[in-house]
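Notes to accompany the following structure.
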Amino acid sequence: MDFETFYDSTYSRDKFKIINTNNNGSCCYDSILKLLKINNKIKPNINTKIIQSQAVNWIIKNKELYLPNYNLTIEDYVLYTHQFDNFNDYIETYKKYSGKTYENISHDRWGGIPELIALSYIYNININIYTGKSYNKKKNKIIKGTIINGKPRKDFRYQLLLNTTRNEFNNTYNILYIQNGKSSHFVGLIMIT
């Protein structure tokens, strides 16, 4: 991809303000939670455990729902994303964090695209998931965008990774997916007008 095409298909670093989230394995839920609170869509006492519990319960109830954009059912997408052998393992593991029997198992509570799809349906919102990219003009190629101390570098651009767009939902929330080696993180984004 040449620089002009890259530039025209991405947003500048000034398009969004980053809303930092938890680093304890619940950043996916925390990014949506903070955006819901900023937009006064939920009560102030709602927390990431409640948001995650809602997503898991929706996934259980709708596991047979076919997702045409992914050519998978919710159940298949969950197994693919979280690498469980069967759906009952997902339920058992994720109920530990969201339920009253919470055990401190941070590595088993992370959320991904299936949970974001669930939250999209639950709160009637579209969720755009961006990733950060930059363009190396010397090598004529796209490279990973860098965020330092919660701020994007000058050459950082937001590139749409995917979305949960549903025509019947009018509200759109934006989040940024950051991948650093083997770890990944979500933060909320507020569009600057």
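So which residues in the stretch 84-119 are closer than 21 Å to Gln179 by Cβ and either at pLDDT 90 or above or buried (at least 17 other Cβ atoms within 10 Å of the Cβ) (or both), if there are any at all?
Hits for the stretch 84-119 are Arg109, Trp110, Gly111, Gly112, Ile113, Pro114, Glu115, Leu116, Ile117, Leu119.
Being in a strand (DSSP E or B), surrounded by 10 or more Cβ atoms within 10 Å (Cβ to Cβ) and among the hydrophobic types (A, V, I, L, M, F, W, C) is the requirement here; does Phe186 meet it?
Considered against the rule, which asks whether it is in a strand (DSSP E or B), surrounded by 10 or more Cβ atoms within 10 Å (Cβ to Cβ) and among the hydrophobic types (A, V, I, L, M, F, W, C), Phe186 comes out as yes.
Name, by its number, the condition in (1) modelled with pLDDT under 95; (2) more than 22 Å from Cys27 (Cα to Cα); (3) touching a helix residue (DSSP H, G or I) at 6+ places or on another chain (Cβ under 7 Å) that does not hold for Leu65.
Among (1) modelled with pLDDT under 95; (2) more than 22 Å from Cys27 (Cα to Cα); (3) touching a helix residue (DSSP H, G or I) at 6+ places or on another chain (Cβ under 7 Å), Leu65 violates only (1).
Anything in the stretch 1-26 that is charged (D, E, K, R) and in a helix (DSSP H, G or I)? List them, or say none.
If the condition is that a residue be charged (D, E, K, R) and in a helix (DSSP H, G or I), then Glu4, Asp8 are the ones that fit.
Only residues that are closer than 12 Å to Leu176 by Cβ and among the aliphatic types (A, V, I, L, M): list them for the stretch 6-45, please.
The answer is Ile18, Ile19, Leu35.
Go through the stretch 5-29 and report how many residues are among the small types (Gly, Ala, Ser) and over 15 Å from the mean Cα position of the chain (by Cα).
The qualifying residues number 2.
Taking the residues in the stretch 120-154 that are among the small types (Gly, Ala, Ser) and touching a Ser or Thr at 6+ places or on another chain (Cβ under 9 Å) as candidates, determine which candidate is modelled with the lowest pLDDT.
Per the stated criteria, the residue is Gly145.
State which residue is nearest to Ile113 (Cα to Cα) when the search covers only the stretch 61-83 and only residues that are surrounded by fewer than 17 Cβ atoms within 10 Å (Cβ to Cβ) and among the β-branched types (Val, Ile, Thr).
Thr81
Can you tell me which of (1) over 12 Å from the mean Cα position of the chain (by Cα); (2) of a type outside the set (Val, Ile, Thr); (3) closer than 24 Å to Phe84 by Cα; (4) modelled with pLDDT of 95 or more is the one Tyr158 doesn't meet?
The single condition Tyr158 does not satisfy is (3).
The values are calculated or read from the model by the stated rules, or taken from the named source; none is laboratory data. Remember, predicted model here, so these are calculated numbers, not experimental data. Cβ atoms come from the backbone with ideal geometry, glycine included; neighbour counts cover every protein chain shown.
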